[in-house]
Amino acid sequence: MQKITPFLWFDDQAEEAVKFYTSVFKNSNVGRILRYSGEAAKASGRPVGSVLTVEFELGGQRFTALNGGPQFKFNESVSFVVYCETQDEVDCFWQKLTADGGEESACGWLKDKFGLSWQVTRPPC
């Protein structure tokens, strides 16, 4: 059992983000989707039945995505590293993760269209 699961806070794009990430990485899948109940929706201002959380795996690593509202945004203080075996693999992930509004940065860093930071690189010698 994985003891630590990254929990990613989105405004209202959790389901869209999970579909995107699981399309980018092999050995990935979407798990359980929890929806806002009447009481939780009332407290949060979200519509009843809208997505609250989505559990998913990327390359065997479990994550949870939350639709928590606009209070918090991603920043570079947290990022995920993708180690690649070849330059072609680096280029492939780079192209996919920067598509549709992602931003390139220096030294293998980028932000995807949701604002999440990634480091796509070859492992050190």
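Summary table
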quantity: Gain upon complete extension [residue 92, residue 13; 0.36 nm per residue less C-alpha separation]; calculated: 26.1 nm
quantity: Whole-Å semi-axes of the chain's equivalent ellipsoid (Cα gyration tensor); calculated: 29, 16, 12
quantity: Rounded to 5, the percent of DSSP beta bridges in the chain classed as antiparallel; calculated: 65
quantity: The range 1-72 - share of DSSP beta bridges that are antiparallel (%, nearest 5); calculated: 75
quantity: Net charge, residue 47 excluded, C-beta distance under 12 Å - Lys, Arg +1, Asp, Glu -1; calculated: +2
quantity: Compactness relative to 2.2 N^0.38 Å, alpha carbon Rg of the range 71-122; calculated: 1.09
quantity: Inter-centroid distance (Cα atoms) of the range 30-103 relative to the range 12-27, Å; calculated: 6
quantity: Leading residue at positive end of dipole, the chain (Cβ point charges), from 119, 107, 22; calculated: 22
quantity: Cβ-defined net charge surrounding residue 35, 11 Å radius [Lys, Arg +1; Asp, Glu -1]; calculated: +1
quantity: Entries of 26/111; 19/73; 3/96; 42/111; 73/96 with Cα pairs more than 27 Å apart; calculated: 3/96; 42/111
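Here, each number is a calculation from the coordinates, and none is a lab measurement. Because the structure is predicted, anything quoted here is derived from the model rather than measured. In this analysis, Cβ positions are derived from the backbone assuming ideal geometry, glycine residues included, and neighbour counts consider all displayed protein chains.
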